[in-house]
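Okay, structure first, notes after.
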Amino acid sequence: MTQPTTYLIRMIVFLMLVVVAVGLLSGTLWPVYWNNPGLNGLILLVLAVGIAWNLRQVLRLSPEVAWLEHYKAGPDRLTGAPTARLLAPMARMLRPRDDDSEWPAQRRLTLSAGATRSLLDSLASRLDESRELSRYMTGLLIFLGLLGTFWGLLKTIGAVADVIAAMTVGSGDVTVMFDQLKAGLARPLNGMGTAFSASLFGLAGALILG
């Protein structure tokens, strides 16, 4: 059985590349983050929790692999094997009985095709259940990014409406109107910054976590 260390190294190398990319783009990303620090901070928090959860899911496979290695080395060594959680049903079936005097010299344990298939299906379902939270966090990052997008667009639309309503054309002074327009455009641009920053962090976080 393949050791999870290989996949763990791949994940760590990928995360290091992400950190390097963020460091190179920090001059651009830092002002973008402050367009909406509350929502962007929540997105980064969900991303950090998702990364930690995925690393934990890989690390928890180590005892299962160690248990299988003990069994392959000799069924009599199962008593000293690490505790298996995902393979707990199989471990209970293969554990030698205290009153079994023939173990392991004359006794060979065989599993029928149905029992083997049932064990494999049970293991697959438990692995799928453990991945549900990771899938949910990936979807949550996309949702938060879209939430920030629509929130920013609503702020932009409201701010544009306020700018148009505040403009006065009775004086006929183009310079005054232009100054009013420049002062009023700050709020719509802030709304657009909220929209695009949330989309950037949300979609990038979903890509990294996925």
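Quick notes
- Per this entry, residue 119 is not counted among residues that are at pLDDT 85 or above and either open to solvent by less than 70 Å² (accessible area, probe 1.4 Å) or of a type in the set (S, T, N, Q) (or both).
- Here is the figure for the range 1-11: residues that are loosely packed, with under 12 Cβ neighbours inside 10 Å and touching a helix residue (DSSP H, G or I) at 6+ places or on another chain (Cβ under 9 Å) total 2.
- Subset tally (residues that are more than 17 Å from residue 206 (Cβ to Cβ) and in a helix (DSSP H, G or I)) for the range 35-54: 2
The values are calculated or read from the model by the stated rules, or taken from the named source; none is laboratory data. Small disclaimer: the values here were computed from a predicted structure and weren't measured. When we count neighbours, we look across all protein chains shown, and the Cβ atoms used for this are built from the backbone with ideal geometry, even at glycine. For the accessible areas, the whole protein counts, side chains as well, though only heavy atoms, and no ligand, DNA or RNA atoms are used. Shrake-Rupley method; radii C 1.70, N 1.55, O 1.52, S 1.80 Å.
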